[in-house]
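The values are calculated or read from the model by the stated rules, or taken from the named source; none is laboratory data. For clarity, every value in this text was computed on a predicted model and none was experimentally measured. We place every Cβ from the backbone using ideal geometry, glycine too, and count neighbours over all the protein chains shown.
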Amino acid sequence: MWKPTCGSIYTSAINPHSRLMERRPDFRLETPEPVMITPFESGVVRSGQLLASSGDDVQLQLDEVLAVGSLLKLETGEAWMLAEVMDCQQSPDGFRAGITLLNWINKSELRRIFRDGGFEEASRNVIPGEIAA
């Protein structure tokens, strides 16, 4: 489960009241968590496991190799993240990738922003199914 903490990186998010971008403390991984991994280059969704984190560095376990330098969209039950692959090595259980988190948003926060009208234009055009509910 993801828990907000004062981590070593800060991310930008839209304040629903002022509709301005603001920096806020990042989070850390408390326990292993399943994750859906989508490289921007291919768009092919893979499943994996978030294993550990330290600041903005996260370890992923997955079945396929990831290209170093590629950008990823990561999705857990609670959050969406943008990350970059720093390394990827074969392991006994498949592959282990070291990634750096570039940005993230909690899904409940995004639902609240849409509900409060923070993205009225965007909500008329594109609303992912998970946040529309």
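Being among the hydroxyl-bearing types (Ser, Thr, Tyr) and not in a strand (DSSP E or B) is the filter; apply it to the range 35-80 and report the residue that is modelled with the highest pLDDT.
Here is the first cut: in the range 35-80, the residues among the hydroxyl-bearing types (Ser, Thr, Tyr) are 38, 42, 47, 53-54, 70, 76.
Remaining after also requiring not in a strand (DSSP E or B): 42, 70, 76.
Working: 42: 90, 70: 96, 76: 88.
Among them, the one singled out is 70.
Scan the range 56-81 residue by residue and report those that are touching a Leu at 6+ places or on another chain (Cβ under 6 Å) and either over 28 Å from residue 111 (Cα atoms) or not hydrophobic (A, V, I, L, M, F, W, C) (or both). Selection gives 56, 59, 61. Whenever a residue of the range 100-117 is farther than 22 Å from residue 50 by Cα, its partners that are in a helix (DSSP H, G or I), lying with C-beta atoms within less than 7 angstrom and at least six residues away or across chains, give the pairs 111/131; 114/123; 114/131.
Every condition in (1) surrounded by fewer than 16 Cβ atoms within 10 Å (Cβ to Cβ); (2) of a type outside the set (Lys, Arg); (3) at pLDDT 90 or above; (4) in a strand (DSSP E or B) holds for residue 99 except the one numbered (1).
Pick from the range 37-63 the residues that are touching a residue at least 40 places away in the same chain (Cβ under 8 Å) and aliphatic (A, V, I, L, M): which of them is surrounded by the fewest Cβ atoms within 10 Å (Cβ to Cβ)? Per the criteria, the residue is 51.
Are any of the residues in the range 109-116 touching a Lys or Arg at 6+ places or on another chain (Cβ under 7 Å) and either modelled with pLDDT of 85 or more or part of a loop (DSSP other than H, G, I, E, B) (or both)?
No, the range 109-116 has no match at all.
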